[in-house]
2 protein chains.
Amino acid sequence: MSSLTGGFTLPGEAGHEDLSLELARRWGADAIRDSDGTSLSPALLDQGMVVYSTVCPIRGHNDFLNAHPHTLQQTFLCTRPHTFVGETLDIVLLEDFFAGQFKVNAGEDSRAYWQVMDRTSNVLLSQDAWEYMEDEGLVRVKQVKPWHSYTVSFLAYRVWEEISMYNHTTNGWQAEHLMPLDPIWPEARAYLVEWLKTWLEKHPHTSIVRFTSLFYNFVWIWAAEERRRILFTDWASYDFTVSPLMLNRFREKTGYAMSAEDFVNKGLYNSTHRVAGQKKIAWMNFVQEQVLDIGRELVSLVHKAGKKAYVFYDDSWVGLEPNSPRFQEYGFDGLIKCVFSGFEARLCANARVPLHELRLHPYLFPVGLGGSPTFSPGGHPEKDARQYWVRIRRALLVEGVQRLGLGGYLSLTRDYPEFVQYMDELLAEFRQLKALHSAGKPALNQTRVAVLHTWGSLRAWTLSGHFHENERQVLMHVVEALSGFPMDVRFIGFDDLSAGALDDVDVLLIAGEAGSAWSGGELWTDEAVETVTAWVYGGGAVLGIKEPSAVPGFNTTLRLAQVLGVDIDEGRYASHGAWQYHSACPAFLEANGASLPEHQGVWLTSKNADVLLEKDGLPVMIEHAFGQGKSIYLSGFKDTPPNARLLYKILLYLGGETSPDFIAQDDAVDCAWFPDSKTIVLANSGEMPLTGSVPVLGTKVPYQLEPYQIKFMKL
Amino acid sequence: MSSLTGGFTLPGEAGHEDLSLELARRWGADAIRDSDGTSLSPALLDQGMVVYSTVCPIRGHNDFLNAHPHTLQQTFLCTRPHTFVGETLDIVLLEDFFAGQFKVNAGEDSRAYWQVMDRTSNVLLSQDAWEYMEDEGLVRVKQVKPWHSYTVSFLAYRVWEEISMYNHTTNGWQAEHLMPLDPIWPEARAYLVEWLKTWLEKHPHTSIVRFTSLFYNFVWIWAAEERRRILFTDWASYDFTVSPLMLNRFREKTGYAMSAEDFVNKGLYNSTHRVAGQKKIAWMNFVQEQVLDIGRELVSLVHKAGKKAYVFYDDSWVGLEPNSPRFQEYGFDGLIKCVFSGFEARLCANARVPLHELRLHPYLFPVGLGGSPTFSPGGHPEKDARQYWVRIRRALLVEGVQRLGLGGYLSLTRDYPEFVQYMDELLAEFRQLKALHSAGKPALNQTRVAVLHTWGSLRAWTLSGHFHENERQVLMHVVEALSGFPMDVRFIGFDDLSAGALDDVDVLLIAGEAGSAWSGGELWTDEAVETVTAWVYGGGAVLGIKEPSAVPGFNTTLRLAQVLGVDIDEGRYASHGAWQYHSACPAFLEANGASLPEHQGVWLTSKNADVLLEKDGLPVMIEHAFGQGKSIYLSGFKDTPPNARLLYKILLYLGGETSPDFIAQDDAVDCAWFPDSKTIVLANSGEMPLTGSVPVLGTKVPYQLEPYQIKFMKL
């Protein structure tokens, strides 16, 4: 197959065979798939294309679940706080939750975990201080203090699998509510194995079984009121992995007796964005083991049936962790990630698996994930596709993937010829990039960057979900910008610090809000502070953004203040004098068009802290020499082309590279150099035509680029 | 004396007798004073005016102090943190402090208090882990951990009284550095008593001894580097009251053994703006007792000499606390406060003392406190005077004082005839207001407001220092706005809550940043939460501004979230869904021209939280019904006329008054009604002529006011 076809998965649609075959030819598809809601007809199955079939292991087993309701998936829930105002305090457990998602698990093994908390005093009530009234579904709190607020934490079955629930609610589906099966129960696991065996026998045309995904969905707790439909959602959190059996096995294995409070955390739950304690990390590790144990068995069944197994990196992916070192043990043949952004392309590409496929947005659905029209009146799917593709393309200049795909109802493309045409261009660009990567990796700058956060390499190239779900986290902006830099970027955790992770790193990057998993919080132990301090003093460099290493209780808000020359004033410097300064910036870092968000409370701690840039009278970029090393502090960061360019230059500056290759004159132009193919790639992410030059191998290469154009120039 | 003269203290100036007498007549002065740097000649003393003479009890005793150096005042200091980077760790104690302000107290009774702290681990080093090398003035830390940071806390003599230091440094004074005497030592106290007796004998012309002030200056620690001259300054803090003798007496009295760390607090010291612990409050109480004990003796000497004693409410006022219930025990005859703002007028007027005098700004100095020219080229002292006066005048509509005064070099007025003329107007306005207050108090609205904060009535009508020193504290803006409302406003502390302070209050106001003394921090005990919750539920109303009742460690950031319907997201809601809302405002609160600063992280916690106003997509005013009561939350507040008007209306709204008197049509117009004099006063604070009306006794009174004009209208 020539490089002008292949590497593309088309969603076929029964009833639209002609269109399916026409687009398969036009777009050079070498694989065809069904989607949630569509099927493939014999006319499509017999065209010589590889056939992907979707299976969701935990859905579609309502009969079994009705017969074995204890194998429903569960979660801990916590009611809202109820203030005792002088009458009987009855707390209706499910009152604030979405009707249909949950059912109280009032069984004996569940009840042992229930907790009533006095949230005013942070005190756990004894079991005889309250009573569950099953008929009313409420807890009556009998021993109350006037004006204190109380919550009830309890175990609930999840009786409506969340993706099914989303589709019913958003797209008006009317079918039976699907329930989620928990394969941790031996009887459920046995059933699931038999079910998959049968499925495999019934799908002889299928070459590739596409798991969507494994067993546990990311947490998605919905609320009763439409005005606040989502109570808690976190793409990377393990709240939906809980059951009395899992809790017992965990205690046997690790010695940790988990309580409801470990999960509900004052009613706030444990967001991936917040610092994680040892117990939570142990729980995640344990779940990963259990998921691997069951998942591996399913994959081996697929292989025994002579088929390949790909897995979708979304929905019920919790416990799978494609970036963990144990992911290879599943034996998956491919990983599929749906992508809007550059970082998601890197996230997929980073996993150790033979094949990486990106499922593009927009889906072939009337409405996009954000709720705006796509393939429906008012929609411009070709503009959406381009908007996402230019982000993804930046990342694909640095790291390649093997395939692209679409999903949804192919028939919807009929009324959008601009989209069909844009896909021609997009696929041609992709195939050229893929060919270059096949011939050899692109060149990188010399500066090696390590991003430090709570999750380390487990959550390389991701925070939790899509960009728009993480916009408030400064690290999201940083990671998206990083995804397109021709640099060695790695992600490390705090355990890695003492294991020598900084030995072959030039710049340590820490970006996050105080208390966040990204800033590090209490993981900034004395030992971590010592390691980083020593490393910088000896010649390393830190780039700290917003509130890196913030921990309460010390003499400075930032535990790295001595390295950064900067602290954050959260009130502690209310009566203190500030260093006066004149800002002056090295020419290399002069920020044309870049704009760093100011942050109230940025506070210079050292007379050697040099303000490079200020905004509205507040310092936004500060350099500090420390021993043989140095640091730069940024008050914030938003991902825009000029800001990404500034970030790129700062990293190079800290790495000692101040005449680097690959920095095009225009911020919107990204550059890659593929030495094995002797090819320069230049990609314009912007809507303006651009003319300029870019240094490659020390010489200036001129360019002229149309809006959004990518050019491949043989040297 | 008619109401057209008197009530005014003129600074006389020897060498300028004619001018002094001319201005005394023109401005109707009934008292004449010397100032720091000027003296009165016989020609001025013999004019029949009351003579004020300034004494500063702690300054001007260098001979005694040279002979008794242990009676110098002292303070705890803490070095900056020094990171151990692999060589000898020598910390030079005074390296970072202003040369000349301090001298290490290396005496035995001092050394017992020294502390070397590992700030990385928050650990105190044992005494044998370090050594003081007196000749080099340094501490050598011998037991160090690599890459940890260390500080030394120590006692230092203050060898340059801070006001003397300020004048030398700012105004180029060249005289001998004056040292501060600590009268806590019996020998110093005996000396001081004798000195005052002598002084009284030598000043037969003096009618009024004006103490500037008593013994302990507000803390003002200067730094070595010009780029950051002020290390720590806090007008209301007790750091300069420390000595081994005071520490010992305190331990004997209270049982608390204070350490250096209690004062230096990780090197941050204890700002008045931060939440205070019990030990700090006990220390302040103890110092107040000691100061009262000595101060009362000095006042009685003045009285024995047939003179009156006034005290200046600034400089060495620490321990005096004119708003404490014990202030009357001094027996002072008058209190003098220098004022820029309305709240300072109320602060002075609030003290229980027979006479209140405001010393106006600008001082008759070439340069103002802020460093800008006043009576020197480029200066416009008449504009400065008007700017301050219209602020002060607002407050004087509500609460009267008996006198005004000026200070400084009278001769400087010679080149500023506009200033001289403006003083004519200002004094005429003041005397009319004074006459009204003498005849009877102005009417108030019915709503009674209590402001709750750490310091309660001790710090009624103040935070710490002038407005411009507190601009970052939201409560400063609120208090300044409150100073001109015709309302019953009181200030209460947390101890007052349980003592029934809310029984006769309509609105409880809490305004402050998290962790601040004004928000309340850890003083929000369960009991405080219960009291306020119960009170609101029963019909009370809370106005919460910015981060009221914020305390770490609970299920909500704000401990009053259940009352306010609002919480602050400092990261805890990173994965949570927010309540959608439509904002709608009651007509009475519609905010023409008002603008509330938005605050990132304002988070609705209740479906009953109604957003009244939003800004840039963030809610800035939220109402919440709770039981029979309610609350309003504001995301921030800046004092401007329209914002002050909005605040005034919010308080009335919460108090149930929605057709109140005294609200003029224009935000810049304040109104007072003096029923005993049957006089309406209308004051325009703005630079525009205004025509409108104001409801008084339910009828609309029309007005027409020139810029800055005040009108007195007899009904």
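The values are calculated or read from the model by the stated rules, or taken from the named source; none is laboratory data. All values reported here derive from a predicted model rather than from experimental measurement. Please note: Cβ atoms are built from the backbone with ideal geometry, for glycine as well, and neighbour counts cover all protein chains shown.
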Residues within segment A:465-484 that are assigned to a helix (DSSP H, G or I) and acidic (Asp, Glu), tallied = 2
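Can you tell me which residue in segment B:560-569 is farthest from the other protein chains (Cβ to nearest Cβ), limited to those that are assigned to a loop (DSSP other than H, G, I, E, B) and out of contact with any Pro (no Cβ under 9 Å at 6 or more places or on another chain)?
Selected residue: B:565.
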Considering only residues of segment A:97-114 that are among the small types (Gly, Ala, Ser) and out of contact with any Pro (no Cβ under 9 Å at 6 or more places or on another chain), which is modelled with the highest pLDDT?
-> A:106
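Only one of A:213, A:207 is under 29 Å from residue A:31 (Cα atoms), under 26 Å from the mean Cα position of the chain (by Cα) and away from chain B (no Cβ under 14 Å); which? Break it down stepwise before answering.
Details: A:207 fails: under 26 Å from the mean Cα position of the chain (by Cα).
From the options A:213, A:207, the qualifying one is A:213.
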Is it true that some residue in segment B:399-414 is surrounded by fewer than 19 Cβ atoms within 10 Å (Cβ to Cβ), without any contact (Cβ under 8 Å) to a residue 40 or more places away in the chain and not assigned by TED's automatic domain parsing to the domain that holds residue B:487?
-> no
Taking the residues in segment B:216-236 that are within 14 Å of the chain's Cα centre (by Cα) and more than 7 Å from chain A (Cβ to nearest Cβ) as candidates, determine which candidate is nearest to residue B:469 (Cα to Cα).
-> B:235
Inspect all residues belonging to segment B:624-639 and state whether any of them is closer than 15 Å to residue B:595 by Cβ, among the small types (Gly, Ala, Ser) and in contact with a Pro (Cβ under 9 Å, 6 or more places away or on another chain).
-> yes
Can residue B:156 be described as more than 14 Å from chain A (Cβ to nearest Cβ), of a type outside the set (Phe, Trp, Tyr) and under 30 Å from residue A:560 (Cα atoms)?
-> yes
May I ask you to list the residues in segment A:601-611 that are away from chain B (no Cβ under 11 Å) and of a type in the set (D, E, K, R)?
-> A:610
Matching residues in segment B:322-353 (under 17 Å from the mean Cα position of the chain (by Cα) and touching a residue at least 40 places away in the same chain (Cβ under 8 Å)) number 16
For segment A:82-112, the count of residues that are among the acidic types (Asp, Glu), within 14 Å of another protein chain (Cβ to nearest Cβ) and over 26 Å from residue B:628 (Cα atoms) equals 0
Any idea which of A:637, A:662, A:674 is buried (at least 21 other Cβ atoms within 10 Å of the Cβ), touching a His at 6+ places or on another chain (Cβ under 9 Å) and more than 29 Å from residue A:562 (Cβ to Cβ)?
-> A:674
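Here is a list: A:321, A:418, A:344, A:382. Which entry is farther than 30 Å from residue A:18 by Cβ, among the charged types (D, E, K, R) and assigned to a helix (DSSP H, G or I)? Steps first, answer last, please.
Working: A:321 fails: assigned to a helix (DSSP H, G or I); A:418 fails: farther than 30 Å from residue A:18 by Cβ; A:382 fails: farther than 30 Å from residue A:18 by Cβ.
After ruling out the rest, the residue left standing is A:344.
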Restrict the check to segment A:535-551 and report whether at least one residue is surrounded by fewer than 23 Cβ atoms within 10 Å (Cβ to Cβ) and free of Cβ contacts under 8 Å to residues at least 24 places away in the same chain.
-> no
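Matching residues to (1) of a type outside the set (Ser, Thr, Tyr); (2) surrounded by fewer than 22 Cβ atoms within 10 Å (Cβ to Cβ):
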{"site": "B:438", "(1), (2)": "no, yes"}
{"site": "B:445", "(1), (2)": "yes, yes"}
{"site": "B:453", "(1), (2)": "yes, no"}
{"site": "B:462", "(1), (2)": "no, no"}
{"site": "B:479", "(1), (2)": "yes, no"}
{"site": "B:483", "(1), (2)": "no, no"}
{"site": "B:511", "(1), (2)": "yes, no"}
{"site": "B:518", "(1), (2)": "yes, no"}
{"site": "B:526", "(1), (2)": "yes, yes"}
Which listed residue is surrounded by 18 or more Cβ atoms within 10 Å (Cβ to Cβ), touching a strand residue (DSSP E or B) at 6+ places or on another chain (Cβ under 7 Å) and within 14 Å of chain A (Cβ to nearest Cβ), from B:79, B:38 | B:79
Does residue B:609 satisfy being under 17 Å from residue B:558 (Cα atoms) and touching a strand residue (DSSP E or B) at 6+ places or on another chain (Cβ under 8 Å)?
-> yes
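So that you can scan it fast, the table gives a plain yes or no per residue for (1) part of a loop (DSSP other than H, G, I, E, B); (2) among the hydroxyl-bearing types (Ser, Thr, Tyr); (3) within 14 Å of another protein chain (Cβ to nearest Cβ):
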{"position": "B:490", "(1), (2), (3)": "no, no, no"}
{"position": "B:496", "(1), (2), (3)": "no, no, no"}
{"position": "B:519", "(1), (2), (3)": "yes, yes, yes"}
{"position": "B:535", "(1), (2), (3)": "no, no, yes"}
{"position": "B:539", "(1), (2), (3)": "yes, no, yes"}
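When you scan segment A:49-143 for strands (runs of 3 or more DSSP E) that lie fully inside it, which ones turn up with 3 or more residues that are touching a helix residue (DSSP H, G or I) at 6+ places or on another chain (Cβ under 8 Å) and of a type outside the set (A, V, I, L, M)? Don't jump to the end; show me each part of the working.
Working: elements: A:50-55, A:74-78, A:89-92, A:102-104, A:115-118, A:130-133, A:138-141.
By residue number, A:74-78.
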Would it be correct to say that residue A:598 is within 9 Å of another protein chain (Cβ to nearest Cβ) and either out of contact with any Phe, Trp or Tyr (no Cβ under 9 Å at 6 or more places or on another chain) or more than 30 Å from residue B:551 (Cβ to Cβ) (or both)?
-> no
Is at least one residue of segment A:258-274 out of contact with any Pro (no Cβ under 9 Å at 6 or more places or on another chain) and free of Cβ contacts under 8 Å to residues at least 12 places away in the same chain?
-> yes
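Of everything in segment A:289-298, what is touching a residue at least 40 places away in the same chain (Cβ under 8 Å) and more than 20 Å from residue A:239 (Cβ to Cβ)? Give them in sequence order. Before you say what the answer is, go through the steps one by one.
Going residue by residue through segment A:289-298, those that are touching a residue at least 40 places away in the same chain (Cβ under 8 Å) are A:290-291, A:294-295, A:297-298.
The answer is A:297, A:298.
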Residue satisfying condition, being more than 35 Å from the chain's Cα centre (by Cα), over 30 Å from residue A:272 (Cα atoms) and small (Gly, Ala, Ser), within set B:594, B:578, B:587 | B:587
Taking residue B:151 as the residue in question, decide whether it is touching a Cys at 6+ places or on another chain (Cβ under 7 Å) and in the same structural domain as residue B:84 (by TED's automatic domain parsing).
-> yes
Return a yes/no flag: does segment A:139-149 have any residue that is more than 14 Å from chain B (Cβ to nearest Cβ), modelled with pLDDT of 95 or more and buried (at least 19 other Cβ atoms within 10 Å of the Cβ).
-> yes
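For the condition more than 23 Å from residue B:224 (Cβ to Cβ) and more than 14 Å from every other protein chain (Cβ to nearest Cβ), what is the one hit in A:591, A:550? Give the derivation first.
Values: A:550 fails: more than 14 Å from every other protein chain (Cβ to nearest Cβ).
None of the others qualify; the one that does is A:591.
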Inside segment A:144-185, can you point out the residues that are in a helix (DSSP H, G or I) and within 25 Å of residue A:267 (Cα to Cα)?
-> A:162, A:163, A:165, A:166
